[in-house]
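Asks: So that we are looking at the same thing, I have put the structure below in structure tokens.
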Amino acid sequence: ELKVEQNPLFLSMQEGKNYTIYCNYSTTSDRLYWYRQDPGKSLESLFVLLSNGAVKQEGRLMASLDTKARLSTLHITAAVHDLSATYFCAVDMTNTGNQFYFGTGTSLTVIP
Amino acid sequence: GAGVSQSPSNKVTEKGKDVELRCDPISGHTALYWYRQSLGQGLEFLIYFQGNSAPDKSGLPSDRFSAERTGGSVSTLTIQRTQQEDSAVYLCASSKAGGWSSSLYNEQFFGPGTRLTVL
């Protein structure tokens, strides 16, 4: 069974600091997605990573994918309070007839 | 609106009652997905539709859960004889195409969810 693990599960960081969230998955996939969820809200697509070595950046967030290591990272640069949310990675297994497998989520709180 | 819509936004029901949750996907999206999210948890896949057919029902937790999709558009998730453990937020998502046909089209767009509370 595919497992998608994120760490840390909870992250509290000060504004201006850098940090990385990790997403490890247990089987081969070349496609991985990152989503953001604000409290009481639905999921918003952040990044679509479609191949080994893919890197995407948007503002203070940068996502990368290493399919050989089965690892994706979401790096936060100079965090601001508005980034406080829960971040989910999702592994696309549609090539096996299965669907998306979501990680457990990382709850990020940025302290002013 | 251009996004995925769901109704109702909140539903409170008594144990043993049946409930129906509705999802309107983005126009033109052929794939539709249902997920369940319990408080503070990740997403649990329930069922996937490609057009009107459901090639993957593997996530439905019991035979009390069923879903249908008509006209390749609106989908209804039905929970019969609700139990307290069914309480959760039910999220619907759609994408242009399911399967491995085109990578970008697998990007899923989520609706606001229906918060179900079973008393």
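Computed from the coordinates by the stated procedures, all read-outs in this text should not be read as laboratory data. Values in this document were obtained by computation on a predicted structure and should not be read as measured data. Ideal geometry is used to build each Cβ from the backbone, glycine not excepted, and the neighbour counts take in all protein chains shown.
Asks: Scan chain A and report its longest stretch carrying no GluC sites (Glu not before Pro) that are both in a DSSP loop and have at most 14 other Cβ atoms within 10 Å. Spell out each step's value before the answer.
Replies: Values: sites that count: A:1, A:15.
The segment A:16-112 is the longest one with no such site.
Asks: Across bins of 5 angstrom width beginning at 0, how are the C-alpha pair distances of region A:19-65 distributed, in whole percent?
Replies: 5, 18, 27, 26, 16, 6, 2
Asks: Going by C-beta contacts inside 10 Å, put A:13, A:93 in order with the fewest on the left. Intermediate results must be reported in sequence, preceding the final value.
Replies: On the way: A:13 16, A:93 19.
Least crowded to most crowded, the residues run A:13, A:93.
Asks: Do you know the Lys pair count in the protein assembly as shown for C-alpha distances under 21 Å, with sequence separation 8 or more or different chains?
Replies: On the way: A:3/A:68; A:3/B:57; A:17/A:56; A:41/B:11; A:56/A:68; B:57/B:96.
Pairs that pass both the separation and distance tests number 6.
Asks: Using only alpha-carbon positions, what ratio does the radius of gyration of chain B give when scaled by 2.2 N^0.38 Å? Intermediate values should be presented prior to the final figure.
Replies: Values: Rg = 13.6 Å, N = 119, 2.2 N^0.38 = 13.5 Å.
Computed over Cα atoms of chain B, the ratio equals 1.01.
Asks: Could I ask something else about it? What's the percent breakdown of Cα-Cα distances in the protein assembly as shown across 10 Å bins, shortest bin first?
Replies: 8, 33, 35, 20, 5, 0
Asks: Right, another one. Using only alpha carbons, build the gyration tensor for chain A and give me the equivalent ellipsoid semi-axes, biggest first, whole Å.
Replies: Numbers: eigenvalues 114, 41, 27 Å².
Computed over chain A, the values are 24, 14, 12 Å.
Asks: Grab the beta carbon distance between residue A:5 and residue B:27, set R0 = 35 Å, and tell me the FRET efficiency rounded to 0.05. Before the final figure, lay out each step's value.
Replies: Working: r = 36 Å, r/R0 = 1.03.
Result of the calculation: an efficiency of 0.45.
Asks: Normalised by the number of residues in chain B, what is the relative contact order in percent for Cα pairs under 8 Å and 6+ residues apart?
Replies: Values: 303 pairs, mean separation 42.7, N = 119.
That works out to 36 percent.
Asks: Using the Cα atoms as the points, what is the convex hull volume per residue of region A:47-89 in Å³? The partial results should precede the final answer.
Replies: Working: hull volume 3.0 nm³, N = 43.
Residue-normalised Cα hull volume stands at 70 Å³.
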